[in-house]
Amino acid sequence: MPFSINPPPRLLMGPGPINADPRVLRAMSAPMLGQYDPVFRRMMRETQELYRQVFQTENESTVLVDGTARAGIEAIFVSVLCPGDVVLVPVFGRFGQLLCEIASRCGADVRTLQAEWGTVFDRETIEAGLREHRPKLLAICQGDTSTTMCQPLEWLGALCHSYGALCYVDATATVGGNQLAVADWQLDAVSVGLQKCLGGAAGISPITLSDSVAELIKSRMHLEAGIQPVGYVPGSGPRIASNYFDLAMILGYWGQGVNHHTEATSMLYAAHECARILVEEGLPAAQERHRLHSRALRIGLESMGLRLYGDPTHRMQNITGIYVPTEVDGEKVRSTLLAEFGIEIGTSFGPLAGVIWRIGTMGYNAQRIPVLQTLACLSATLRLLGMKLPSDGIPEALHEYQSQDS
Ligand SMILES: Cc1ncc(COP(=O)(O)O)c(C=O)c1O
């Protein structure tokens, strides 16, 4: 017989996934319901309403796409873009590159702007790109998890519109821990995942679409042959190239109950509970919590003599990049932390692979005990591997917490 699933205890302090909130795990183990059960339809409507609050929008078209966070990205791109459409992607890390990759697979004519990793874009650079390329869609990450940088977005939607472009944002890594005001910032389409600041599990992607994007998508509605009513007339726009990610049909499923996929029941429960927890705490309080625990972690790390990565004015509030000190082998540190202490931290990608570690303080792990455990075990590991440290970072991090308490 294969082993039963019995994972060892782990503290997941990398860039995601993180330990899911036990409330979310409990919700995921609730019994199945049929997808047209009135109770389940009510849960779907509640989930939409909760995510309108999470996204800070009144967008009617706020739904879940089954699949991990990139499912949300792919559904939006394949449903909005047609082959040959110009898409402008300001890239400041690996996940900007992912947006290019997905857009190019949709046949888009992808143009990029490049920022040095560890920095973000200023308004002038993006405006110059919009002026030069005149894209149908500008696509950008809010937080690029690979570099831990957070792109300012307050002005982006209005700027895109002044050049006739739609604005898409991947907020997978930032939602819940950093401000994200979809309506105020005039963002046309945003997608996220659960497995970071929302304290959930990977496997479903909440998205929100402005009315104009929803209309554009609905004009491409070509209902599956097997469920077309007599006399059915398809939309005038070109058929969306994916069935699974066809947002015209997915919006019909959420809105009018038109049959499409079978909703991923347990993941919907998870998404519902993640949003309920966040709304219960309050968005500003959750952002402040992420800020506090990242600050305490960073103070502890710097007190250990470690150097933080990236532009300090544009760091995400939930992930910290740290240069791997030259005295140690970064991968040996990570594997020792995992094997001896059950703590996972991340490395990064491309030019940052092996150069930085990434530590997440997000969702359920944006708490004092996981932060102090991580500092204590990281300093113990570095000492085990021969480094001399001025401090283990604990008194300094505790001091930061105590100054908050008083
Ligand atoms: C910013 C960002 N976008 C997209 C993704 C892809 O998410 P998933 O692995 O859930 O498909 C990630 C994953 O870490 C991410 O950090």
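The values are calculated or read from the model by the stated rules, or taken from the named source; none is laboratory data. Here the structure is a predicted model, which means the values were calculated and not measured. Glycine gets a Cβ as well: all are built from the backbone with ideal geometry, and neighbour counts include every protein chain shown.
Among the residues of region 251-275, those identified as under 30 Å from Ser212 (Cβ atoms), buried (at least 17 other Cβ atoms within 10 Å of the Cβ) and not aliphatic (A, V, I, L, M) are Gly252, Tyr253, Trp254, His260, Glu263, His272, Cys274. Scanning region 36-80 for residues that are surrounded by 18 or more Cβ atoms within 10 Å (Cβ to Cβ) and hydroxyl-bearing (Ser, Thr, Tyr) gives Thr47, Tyr51, Thr57, Ser61, Thr62, Thr68, Ser79.
The sole residue among Leu268, Leu216, Leu297, Leu251 that is touching a residue at least 40 places away in the same chain (Cβ under 8 Å), part of a helix (DSSP H, G or I), not β-branched (Val, Ile, Thr) and not assigned by TED's automatic domain parsing to the domain that holds Val24 is Leu297.
Please work out which residue is farthest from the ligand (Cβ to nearest atom), limiting yourself to region 185-204 and to residues that are farther than 21 Å from Thr148 by Cα and not acidic (Asp, Glu). Break it down into steps so the answer makes sense when it comes.
From region 185-204, those farther than 21 Å from Thr148 by Cα are 185-189, 203-204; that's our starting set.
Keeping just the survivors that are not acidic (Asp, Glu) gives 185-187, 189, 203-204.
Working: Trp185: 17, Gln186: 21, Leu187: 15, Ala189: 14, Gly203: 8, Ile204: 9 Å.
Across region 185-204, the extreme among qualifying residues is Gln186.
For Arg52, the test of being outside any loop (DSSP other than H, G, I, E, B), away from the ligand (no atom under 13 Å from the Cβ) and without any contact (Cβ under 8 Å) to a residue 40 or more places away in the chain is failed. If only residues of region 168-192 that are touching a Gly at 6+ places or on another chain (Cβ under 8 Å) and surrounded by fewer than 24 Cβ atoms within 10 Å (Cβ to Cβ) are counted, the one that is nearest to Met267 (Cα to Cα) is Asn178.
Of the strands (runs of 3 or more DSSP E) lying entirely inside region 105-184, those containing at least 3 residues that are within 16 Å of the ligand (Cβ to nearest atom) are 137-141, 166-170. Every condition in (1) more than 16 Å from the ligand (Cβ to nearest atom); (2) acidic (Asp, Glu); (3) in contact (Cβ under 8 Å) with a residue 60 or more places away in the chain; (4) surrounded by 23 or more Cβ atoms within 10 Å (Cβ to Cβ) holds for Asp211 except the one numbered (4).
Taking the conditions (1) crowded, with 20+ Cβ neighbours inside 10 Å; (2) in contact (Cβ under 8 Å) with a residue 60 or more places away in the chain in turn, Thr381 satisfies each one other than (2). Within region 93-104, the set of residues being part of a helix (DSSP H, G or I) and not basic (Lys, Arg) comprises Phe95, Gly96, Gln97, Leu98, Leu99, Cys100, Glu101, Ile102, Ala103, Ser104. Tell me which of these Ala71 doesn't satisfy, since it passes every other one: (1) away from the ligand (no atom under 16 Å from the Cβ); (2) part of a helix (DSSP H, G or I). Failing condition for Ala71: (1).
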